[in-house]
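S.K.: Below: one structure in structure tokens.
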Amino acid sequence: MFRFHYWLERKAIGFALAIVLVASIGGAVEIAPLFTIHQTIEDAPDMRVYTPLELAGRNIYVREGCYACHSQMIRTLRDEVERYGPYSLAVESKYDHPMLWGSKRTGPDLARVGGKYSDEWQVQHLNDPRALVPQSVMPSYARLGRNPLRTDDLSNHLRAMRAVGVPYTDDMIANARADAYGQAAPDSPLAEGVGKRYGEATNVRPFDGAPGVLTEMDALVAYLQILGHLTDAAHKTVATGQ
Amino acid sequence: MKPERDPETGWMTTGHEWNGITELNTPVPKPVWFFLIVTALFALGYWLLMPAFPLGSTFTKGLLGADDRAAVTAAVKEATAERAGWTGEVMAKSYAEVERDPRLMAAVRETGRTLFGDNCSVCHGREAKGGRGFPNLTGSSFLWGNSPEAIAETIQVGINSANPKSRVSQMPAFGRDHVLERPDIENVVAYVMSLSGAKASVGNVEAGKTAFTANCAVCHGPDGKGKTDVGAPNLSDQIWIRGGGEEASIYDFVWGGLQGQMPSWEGRLSPLDLKILTLYVVDLGKQRP
């Protein structure tokens, strides 16, 4: 064993192959077999996919780097469960590509923030965080309310998600743009299709308070308000002790 | 070529050369082997004790049977049991009984402050003094009444929330929906301002009173003192939830309407947490100077 490198170091290709072999052991032993283990991901047959507006909001969340300060994973620790609610399950992020679990919190965890605060609060807070939370160090995102949301590529975003396994139907992809408008304009004829395609429980509201124009603020608030509500699997399987 | 001793360092060479360059044979130092073996043995022990190896459709559970989910469930259960003494009493007793018990109220204030900070303070403020659009909870003016039962109901179902039992309240957009025209609104604003002793720059108070009686009194009451059963605020005091009672902001509200929102906390907070928060908010109202 102590003389093995005598032989190995002289064979360049053999050495390279040996490195590849050793480096892949970790993945082969620890990661690949997880795909065959049913317990890795829980069942959530009732889970719905993100609507086009929520998906657009998610893209803004990623673009603005929200994940750098906010995690979306409640860990299996008592203080987290008591503060944020049931710990996160793997299945809850099965439509997240990429996942936004995060490992560092400057702000609070957002995995279950959906519905915790009103739309109006979310908009005011994104506009000027310190007006509501004086000790906050979060930057202002007021410009999101001034940026019109880009909707012409939403169908492609849905198609890309479908390519990695999110079950969007052809109907959803074809109507992505209309559904994005409809979700933020409850009184418009487009709103009906959103409930039909994504379920009646979907939030259909003028998220940023102005129903006329679809802004990036609408999309981000729509996304924030659905966090933790795509499935209630975590509430079913987890006892919070209360 | 054969391995040979390097005259400079005294080490052996590896015995092969690249364009005339030979290489010293410097094997991995013994301490590195030592620690490699020790950590490998540690890993082996850890694999045996903790959940580790995937086995097709399941995995090795480990000799210790460690399970994060079971551990956190047990920890929360234990914490609940630790608090069961006073929390049991809070749940069993009526609001008035708990309020009379200084020992229970001390616990309610401490736990309530944490719950309030986690859940309510982002809107109502850390000291519950509210902000623009978010009511002050330390005052005497509660939109839906300040009895513990009314406060408990508001926290539980919310206002204009997604909860099917939500409290519902909406001020119509009198101007946008053409119920009142601009001069009428100016008169109403003048009247509303006169209720709290302020004076508007335009508008006729007497005409405003007539328009108020016809359009606003059904919710805000004939004298503008508000109605807690429909969540209509008292307009005759100095307390303003939105704006500061300026003429322009009152005009905007009459023109465009208002519909505030408070989330429902029923599913998010336990019945115990809801009761503690109710008691905490009731207590805030009593502590005001």
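The values are calculated or read from the model by the stated rules, or taken from the named source; none is laboratory data. Quick caveat, the model's predicted, so the values are computed rather than measured. Quick reminder, even Gly has a Cβ in these numbers, built from the backbone with ideal geometry, and neighbours come from all protein chains shown.
S.K.: Looking at region A:63-79 only, could you name the residues that are more than 14 Å from every other protein chain (Cβ to nearest Cβ) and in a helix (DSSP H, G or I)?
M.R.: Those that are more than 14 Å from every other protein chain (Cβ to nearest Cβ) and in a helix (DSSP H, G or I): A:ARG63, A:CYS66, A:TYR67, A:ALA68.
S.K.: While we're looking at this one, here's another question. List pairs: first residue in region A:214-231 and assigned to a loop (DSSP other than H, G, I, E, B), second residue among the acidic types (Asp, Glu) anywhere in the structure, Cβ distance under 8 angstrom, at least six positions apart or on different chains.
M.R.: Matching pairs, first to second residue: A:GLN225/A:ASP119; A:ILE226/A:GLU54; A:GLY228/A:GLU92; A:LEU230/A:GLU92; A:THR231/A:ASP46; A:THR231/A:GLU92.
S.K.: Then there's this: Can you find a residue that is farther than 22 Å from A:MET47 by Cβ and at pLDDT 95 or above anywhere in region A:157-173?
M.R.: no
S.K.: May I pose another question? Which helices (runs of 4 or more DSSP H) does region A:80-198 wholly contain that include 1 or more residues that are within 11 Å of chain B (Cβ to nearest Cβ)?
M.R.: Qualifying helices (runs of 4 or more DSSP H): A:119-127, A:129-132.
S.K.: Check B:LEU235, B:LEU269 and return the single one that is within 32 Å of the chain's Cα centre (by Cα), more than 14 Å from every other protein chain (Cβ to nearest Cβ) and of a type outside the set (Gly, Ala, Ser).
M.R.: Testing whether each residue is within 32 Å of the chain's Cα centre (by Cα), more than 14 Å from every other protein chain (Cβ to nearest Cβ) and of a type outside the set (Gly, Ala, Ser) leaves just B:LEU235.
S.K.: Among the candidates A:VAL137, A:VAL166, which residue alone is surrounded by 14 or more Cβ atoms within 10 Å (Cβ to Cβ) and among the β-branched types (Val, Ile, Thr)?
M.R.: A:VAL166
S.K.: Tell me which residues, restricted to region A:199-229, are of a type in the set (S, T, N, Q) and either within 13 Å of another protein chain (Cβ to nearest Cβ) or at positive phi (or both).
M.R.: Once the filter is applied, which keeps residues that are of a type in the set (S, T, N, Q) and either within 13 Å of another protein chain (Cβ to nearest Cβ) or at positive phi (or both), region A:199-229 yields A:THR202, A:ASN203, A:GLN225.
S.K.: Would you tally the residues in region A:101-122 being in contact with a His (Cβ under 8 Å, 6 or more places away or on another chain) and among the hydrophobic types (A, V, I, L, M, F, W, C)?
M.R.: 1
S.K.: Confirm whether A:LEU144 is farther than 21 Å from A:ALA111 by Cβ and of a type outside the set (Phe, Trp, Tyr).
M.R.: Against the criterion (farther than 21 Å from A:ALA111 by Cβ and of a type outside the set (Phe, Trp, Tyr)), A:LEU144 qualifies.
S.K.: Follow-up. Here are some residues: B:ARG126, B:ARG182, B:ARG176. Which one is in contact (Cβ under 8 Å) with a residue 60 or more places away in the chain, in contact with a Phe, Trp or Tyr (Cβ under 9 Å, 6 or more places away or on another chain) and surrounded by fewer than 17 Cβ atoms within 10 Å (Cβ to Cβ)?
M.R.: B:ARG176
S.K.: Among the numbered criteria (1) free of Cβ contacts under 8 Å to residues at least 40 places away in the same chain; (2) touching a Lys or Arg at 6+ places or on another chain (Cβ under 7 Å); (3) of a type outside the set (D, E, K, R), which one does A:GLY193 miss?
M.R.: (2)
S.K.: What pairs come up if the first residue lies in region A:39-62 and is in a helix (DSSP H, G or I), the second is hydrophobic (A, V, I, L, M, F, W, C) and surrounded by fewer than 18 Cβ atoms within 10 Å (Cβ to Cβ), and their beta carbons are under 8 Å apart, counting only those six or more places apart or on different chains?
M.R.: Listed by first residue and then by second, the contacts come to A:GLN39/B:PHE59; A:THR40/A:LEU34; A:THR40/A:ALA90.
S.K.: Looking only at region B:61-97, filter to residues that are among the hydroxyl-bearing types (Ser, Thr, Tyr) and surrounded by 15 or more Cβ atoms within 10 Å (Cβ to Cβ); which one of those is farthest from the other protein chains (Cβ to nearest Cβ)?
M.R.: The selected residue is B:TYR95.
S.K.: Still on this structure, I have one more. Report, by residue number, each residue of region A:113-149 that is among the charged types (D, E, K, R) and farther than 20 Å from A:ILE226 by Cα.
M.R.: Scanning region A:113-149 gives A:ASP128, A:ARG130, A:ARG143, A:ARG146.
S.K.: Further question: Counting residues that are closer than 30 Å to B:ASP283 by Cβ and under 38 Å from the mean Cα position of the chain (by Cα), which helices (runs of 4 or more DSSP H) fully inside region B:9-119 reach at least 2?
M.R.: Answer list for region B:9-119: B:68-92, B:95-100, B:102-119.
S.K.: Does at least one position in region A:94-104 carry a residue that is of a type in the set (Ser, Thr, Tyr), in contact with a Phe, Trp or Tyr (Cβ under 8 Å, 6 or more places away or on another chain) and more than 16 Å from A:GLU64 (Cβ to Cβ)?
M.R.: yes
S.K.: Go through (1) in contact with a helix residue (DSSP H, G or I) (Cβ under 6 Å, 6 or more places away or on another chain); (2) in a loop (DSSP other than H, G, I, E, B); (3) β-branched (Val, Ile, Thr) for B:VAL189 and report which single condition fails.
M.R.: That leaves (2) as the condition not met.
S.K.: Can we say B:LYS209 is crowded, with 19+ Cβ neighbours inside 10 Å, outside the structural domain of B:GLU153 (by TED's automatic domain parsing) and farther than 28 Å from B:ASN163 by Cα?
M.R.: So B:LYS209 passes the test.
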